[in-house]
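Report on the following structure.
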Amino acid sequence: MTIPYGRQDVTEADVAAVVEVLRSDWLTQGPAIPRFERTVAAYCGVPHAVAVCNATAALHIACRALGLGPGDRLWTTPITFVASANCALYCGAQVDFVDVEERSGNMDIDALRFRLEQAEQRGVLPKIVIPVHFAGQSCDMRAIGELSRRFGFRIIEDASHAIGGRYDGLPVGTCLYSDITVFSFHPVKIVTTAEGGMALTRDVDLAARMQLLRSHGITREAARMQGVPEGGWYYEQLELGYNYRMTDLQAALGDSQMNRLDAYVARRNALAEEYDRALAQLPLALPWRDVRNRSALHLYPVRVGADEANDSDRAQLRHRVFDALRDAGIGVNVHYIPVHLQPYYRALGFKVGDFPVAERFYSGAISLPMFATLSDEAQARVVAALEKTLT
Ligand SMILES: *Cc1c(COP(=O)(O)O)cnc(C)c1O
């Protein structure tokens with residue numbers, strides 16, 4: 001049987017929580033949504049949380065709430081899922097990328113500072129920067145926060161990989177150094193709602209705007225209306241919003257999963273430490289993690305071919321290793337094809353060589369199986385298959 005690279009864990013308690021909603025009066029727009037929002041907000045120590053149908057939608061309404069539009073610029077990194085960049089294009093804004101640091105795959109702060117200084121001189125500063133907490137490890141948010149004050153951009157943390165992680169002793173999602181933090185609850189992520197996402201913020205106005213945008217831009221609160229309510233049926237559309245709502249079924253699943261978040265992250269960290277130990281002698285670059293911060297360990301991405309002369313030789317070696325592992329029943333994956341090299345982005349003018357560290361990172365990257373219910377025996381099979389392939 002193939003060991004997947006990621007897998008959800010659904011318990012009988014989760015099933016019971018969803019069935020309870022199925023038997024209730026509310027399948028959507030009921031009490032399970034605010035309950036789940038309060039659970040996640042309390043976990044992260046942040047006052048406002050807005051649940052939506054997926055993290056892509058959360059990124060979109062986060063950009064809209066911050067006023068991103070035509071003529072504006074948004075920067076993110078190439079080592080991410082396409083959604084981190086697409087949200088800018090949804091708003092009619094331009095997107096650009098900042099290269100990553102090789103050891104972690106996170107945004108390179110020195111590269112960000114350099115690009116910002118250049119952009120300031122040319123009058124083309126970004127309105128929003130989206131750092132991505134790659135593999136579950138927080139970016140250096142203190143440093144990015146300082147740069148945001150100096151250069152006047154807003155920050156959305158794409159924490160799709162990072163719920164349950166910590167930065168500076170506090171949970172990822174506190175929004176102490178950012179305007180908004182986004183989580184994904186896709187089944188491969190740390191906790192799941194099947195499809196789902198959430199946007200967290202400390203700013204009551206941003207929260208209210210995101211609540212409007214997730215539901216057509218419509219309000220039923222008299223205090224927010226421009227006119228006088230005409231009766232009990234009355235609502236007003238104030239913005240051009242979307243139907244990005246989460247269902248109560250999903251929220252109940254997520255709320256039940258949150259009970260096990262810390263246990264999941266602890267198990268992921270234990271598996272990572274075992275990989276660190278068992279793979280130390282193999283010709284692999286293991287994922288660097290800052291010991292001061294607890295990574296949520298969404299992924300365990302190793303890199304092969306440090307000694308290869310160039311990216312294409314390394315990519316050939318990676319191809320061989322990847323195929324050998326898949327043949328051995330190890331469901332490895334690759335995170336990520338740099339976004340700027342996707343055909344859609346090449347058509348916008350991006351090309352090979354634009355972000356050399358990200359391209360090098362990608363050329364050797366292989367994500368090993370990493371999920372909370374991965375057994376010690378299955379992990380030993382992964383290690384044995386790697387040893388056989390690489391020696
Ligand atoms: C999964 C993911 C998303 C999108 O999440 P969905 O909930 O599937 O929309 C966005 N950014 C990153 C970094 C992701 O890993």
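Once the Cα-Cα distance is subtracted from the 0.36 nm per residue extended length, the GLU230 to TRP288 segment shows a gain of 14.9 nm.
For the chain, the longest principal axis of the Cα atoms and the long axis of helix 204-214 meet at an angle of about 90 degrees. Apolar share of the accessible surface for the stretch 239-388: 52 percent from carbon plus sulfur atoms, 1.4 Å probe. Placing dummy labels 7 Å off each Cα toward the beta-carbon, the span from LEU170 to LEU22 is 4.1 nm. GLY173 sits among other residues whose Cβ lies under 11 Å from its own Cβ, and their net charge, with Lys and Arg +1 and Asp and Glu -1, is +1. Of the trypsin sites (Lys or Arg not before Pro) found in the stretch 319-391, those that fall in a DSSP loop while having at most 14 other beta-carbon atoms within 10 Å are LYS351.
Let me check I've understood the local charge: for PHE97, count other residues with C-beta under 10 angstrom from its C-beta, Lys and Arg +1, Asp and Glu -1. What total comes out? After counting each charged neighbour, the total is -2.
Dividing the summed helix terms, -39500 (n - 2.57) for each DSSP H run of n ≥ 4, by the number of residues in the chain produces a 222 nm estimate of -12000 deg cm²/dmol to the nearest 500.
If you take the Cα centroid of the stretch 36-108 and the Cα centroid of the stretch 328-345, the two points sit 20 Å apart. When ASP248, ASP108 are compared by accessible surface with a 1.4 Å probe, the order from highest to lowest is ASP108, ASP248. Averaging 1/r across all pairs of distinct Cα atoms in the chain and inverting the result yields a Kirkwood radius of 21.8 Å. Here the label points at VAL204 and ALA347, each 7 Å from Cα along the C-beta direction, are separated by 4.5 nm in the simple model. In the chain, the longest principal axis of the Cα atoms and the axis of helix 12-22 are about 30 degrees apart. Annotation: the antiparallel percentage among DSSP beta bridges lying fully within the chain is about 65. Grouping the Cα pair distances of the stretch 99-197 into 5 Å bins from zero gives a pair-distance distribution of 3, 13, 23, 23, 18, 11, 6, 3, 1, 0 percent in increasing distance order. The mean accessible area for residues of the chain, using a 1.4 Å probe and ignoring ligands and nucleic acids, is 43 Å² per residue.
When DSSP beta bridges are restricted to pairs lying wholly in the stretch 84-195, around 35% turn out antiparallel. Among the lysines, which have Cα under 25 Å from the Cα of LYS127 when same-chain residues fewer than 8 positions away are ignored? Qualifying lysines at Cα under 25 Å: LYS351.
The values are calculated or read from the model by the stated rules, or taken from the named source; none is laboratory data. Fair warning: this is a prediction, and the values are worked out from it, not measured in the lab. Here Cβ is always computed from backbone atoms with ideal geometry, including for glycine, and neighbour counts include all displayed protein chains. The protein model used for the area step is the full one, side chains on, heavy atoms only, and it has no ligands, DNA or RNA in it. Shrake-Rupley method; radii C 1.70, N 1.55, O 1.52, S 1.80 Å.
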